[in-house]
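Notes follow the structure.
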Amino acid sequence: MTRLYAAACLIVVALSAPFWEVSAQEQPDSCVACHQNFGDDRLGKPVKEFASDIHSTRGFGCVACHGGDANDPGMGAMDRAKGYIGKPARKELAQLCGRCHSDARFMRQYNPSLRVDQVAEYYTSVHGQRLSRNGDEKVAVCVSCHPAHSIRPPSDPRSSIHPLKVAETCGRCHADAKTMEPYKIATDQLGKYRESIHWRTMSVKGDLSAPTCNDCHGNHGAAPPGMSWVGNVCGQCHTVMAEFFAQSRHAKVFAQMGVPGCATCHSNHDIKETGDAMVSLEQPGVCVGCHTNQDNGGKVALQMRAALDSLSGEYNKAHAILLQAERAGMEVSQAQFELNGAKDALVKGRAAVHTFSVEAISKETLPGLEIAKKAYARGLRVLDELEFRRKGLAVSLIIILALIVGVVLKIRQMERKKKAE
Ligand code: HEC
Ligand code: HEC
Ligand code: HEC
Ligand code: HEC
Ligand code: HEC
Ligand code: HEC
Ligand code: HEC
Ligand code: HEC
Ligand code: HEC
């Protein structure tokens, strides 16, 4: 009786435990044993790829996603009566992955810091909405960005979602004119992004804090935390510029005009290195389309530029003269250090461009101008001193020479005298 009861309990436990939990310990795996014999991409490749997939390294086997019986060495392993589902349908993938990834209790056993909202976020994205509402299977599903059998965490450089790989992963569809043809949206995001300062900062300088596609668009399509709209995302990293801009006249009028904030002057994918030349009513100025030298904004633009030019001009002059002095062997390190204050002022002045107020820019640039002028004056003095020393040296050389000549003459005179005696 108790035996029967125990057996019944076991069956109940086996039935109630989700099959993937059981599968984590399963050894050996008949799915692998049979499928590794196939040389083709469709049946054999999943085994090879899966060996370094994170799910494999965490002890999961094929049945975790496909179901079936990994203890059955024959074709019976793939019996639908044993939960085998075959190749999962694209529109059911979110539920398939979400079975584990949306289960906070289950995921905590493996990695307590991992988020469990991917599926929920996915359904707020254009991808998820088109899939669920329109049944459009051309949009990205979980395995479009996480290749089914080589899923790796973003920290792994081989991962399709490593920061250096994301653009390529999204670009496979978004840069492909054929895939995107029915949607009538641009396919230039990848190309433009690859030309941007953000990509260069990331790929050349190796600074992974620069954004790639998912930093602006959200990992799973929902705008990043605290952002109601992707156009506001720039301020997450460029806080100073965003605060200035938000308080400026432009923030209001741009909204009224229906043009984006930052992107109106910087674009969104093709963001280039900036410079004072942008503050101008001529190309490559960014004020040119909306202001002329006849309106107030245009006049202010010219004054803003003049304030920046005068500081950068003075800074460059001071920098050059100190460099000249240093190369001539003079001690100017203190002056060079102080000149950094002018450079900081220039950086702040450039950020203050986003206030679109001459006063705000001058507040930064005027103290910088003082510093630069002082440094230049110091450079001049040092070079004068050098000139003076050089002259002094020449004079003393002449005196020494004259003395030597005098001594030589004196000796000869004495020798002549000796001979004469
Ligand atoms: C004895 C060999 C053998 C075993 C064991 C085996 N398979 Fe297969 N599997 C095959 C063959 C052969 C096919 C191709 C069948 C076809 O195309 O109709 C296949 C096809 C598949 C497919 C593709 C189905 C599709 O619709 O494209 C999946 C997924 C799969 N197997 C998963 C598994 C899983 C999971 C297990 C373990 C529970 C497993 N297999 C065990 C031989 C095996
Ligand atoms: C993390 C979930 C997951 C695991 C684990 C997994 N697969 Fe898959 N597998 C998928 C998904 C999803 C697809 C469908 C991919 C697609 O639609 O592009 C798939 C497709 C396949 C196919 C069909 C390929 C095709 O192009 O028709 C085979 C065969 C297959 N898997 C075998 C395996 C084998 C063998 C294992 C274990 C070594 C395994 N899978 C482990 C999720 C998984
Ligand atoms: C059987 C449960 C289960 C299923 C089904 C499953 N996963 Fe996982 N997944 C896990 C576990 C557990 C980890 C390991 C978490 C860890 O240790 O970091 C993981 C890790 C991951 C990671 C790496 C996370 C990180 O940063 O460490 C990604 C990405 C991922 N899974 C995507 C998917 C996708 C896409 C699918 C569906 C095709 C899927 N998973 C199906 C359980 C599952
Ligand atoms: C459009 C591409 C895309 C789609 C579709 C997608 N992911 Fe992701 N996923 C990403 C990117 C990019 C990251 C990397 C985030 C990072 O760098 O931290 C990520 C990260 C993850 C992680 C690691 C933990 C985390 O949240 O950062 C898991 C787990 C995951 N995705 C599961 C899923 C599941 C499940 C689905 C389907 C519902 C899915 N993903 C659909 C692009 C995608
Ligand atoms: C499997 C192909 C595929 C992949 C991979 C993919 N997308 Fe998409 N994406 C689509 C399709 C199809 C649409 C629908 C186009 C539409 O709604 O106009 C779309 C829509 C979008 C939209 C909305 C565009 C609009 O209509 O305004 C954004 C934003 C987007 N994707 C970003 C991304 C990002 C970021 C990634 C990578 C992390 C990515 N996508 C990966 C196919 C893909
Ligand atoms: C620096 C932030 C940023 C990065 C990085 C970024 N985007 Fe965008 N993206 C935007 C903004 C802002 C918009 C405009 C949103 C709007 O108008 O609704 C946009 C619009 C889009 C659209 C809609 C169609 C269009 O061109 O206007 C798609 C698709 C898209 N991005 C895909 C991508 C892909 C793919 C990548 C990576 C190669 C990427 N984005 C990188 C900020 C970014
Ligand atoms: C994830 C953080 C992040 C986001 C989001 C981001 N950026 Fe950047 N941005 C950077 C980093 C890092 C650099 C590299 C240079 C630096 O340190 O200033 C950079 C550089 C720039 C530059 C060039 C600065 C220069 O020195 O000339 C501009 C302009 C810029 N970003 C504008 C934007 C705009 C506009 C957006 C939104 C569409 C945006 N950024 C979104 C991090 C970010
Ligand atoms: C009306 C045009 C305009 C708008 C709108 C605008 N910017 Fe700028 N931005 C500029 C100009 C002009 C410069 C170059 C300033 C200089 O170098 O003198 C610049 C420079 C920058 C720089 C580089 C600053 C540096 O360190 O040299 C960053 C970063 C930046 N902008 C980010 C943003 C962000 C983020 C937004 C939105 C909140 C934004 N910009 C909105 C015109 C604009
Ligand atoms: C997309 C068009 C657009 C661009 C680009 C633009 N502005 Fe404006 N700007 C406006 C509009 C519209 C107003 C509001 C005019 C009004 O109040 O009558 C304005 C107002 C101003 C004002 C306030 C003028 C006043 O009457 O108080 C200043 C200053 C200004 N802009 C400077 C600039 C500078 C500098 C640039 C380039 C870095 C620039 N703007 C780029 C459209 C633009």
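The values are calculated or read from the model by the stated rules, or taken from the named source; none is laboratory data. As the structure is a computational prediction, the values presented were derived from the model and not from experiment. Here Cβ is always computed from backbone atoms with ideal geometry, including for glycine, and neighbour counts include all displayed protein chains.
Filtering segment 316-330 to residues that are of a type in the set (D, E, K, R) and without any contact (Cβ under 8 Å) to a residue 24 or more places away in the chain leaves Glu326, Arg327. Annotation note: of Lys91, Lys48, Lys87, the sole residue that is surrounded by fewer than 16 Cβ atoms within 10 Å (Cβ to Cβ), in contact (Cβ under 8 Å) with a residue 24 or more places away in the chain and within 15 Å of ligand 2 (Cβ to nearest atom) is Lys91. Of the residues examined, Gly298 is not one that is modelled with pLDDT under 95 and not aliphatic (A, V, I, L, M). If you go through segment 120-174 and pick out every residue that is within 15 Å of ligand 3 (Cβ to nearest atom), free of Cβ contacts under 8 Å to residues at least 60 places away in the same chain and not in a loop (DSSP other than H, G, I, E, B), you end up with 9. For the condition away from ligand 1 (no atom under 16 Å from the Cβ) and within 22 Å of Cys173 (Cα to Cα), Val126 qualifies.
Here the condition is being surrounded by 17 or more Cβ atoms within 10 Å (Cβ to Cβ) and either within 16 Å of ligand 5 (Cβ to nearest atom) or within 18 Å of Val358 (Cβ to Cβ) (or both); of His319, His269, it holds for His269 alone.
Pairs linking a residue in segment 252-272 that is more than 8 Å from ligand 8 (Cβ to nearest atom) to a residue that is in a loop (DSSP other than H, G, I, E, B), with Cβ atoms under 6 Å and 6 or more positions apart or on different chains, are Asp270/Glu195; Asp270/Ser196; Ile271/Ser196. Taking segment 276-315 as the range and being of a type in the set (Gly, Ala, Ser) and part of a helix (DSSP H, G or I) as the test, the residues that pass are Ala277, Gly297, Gly298, Ala301, Ala306, Ala307, Ser310, Ser312, Gly313.
Across segment 51-84, the number of residues qualifying as of a type in the set (D, E, K, R) and either part of a helix (DSSP H, G or I) or buried (at least 19 other Cβ atoms within 10 Å of the Cβ) (or both) comes to 3.
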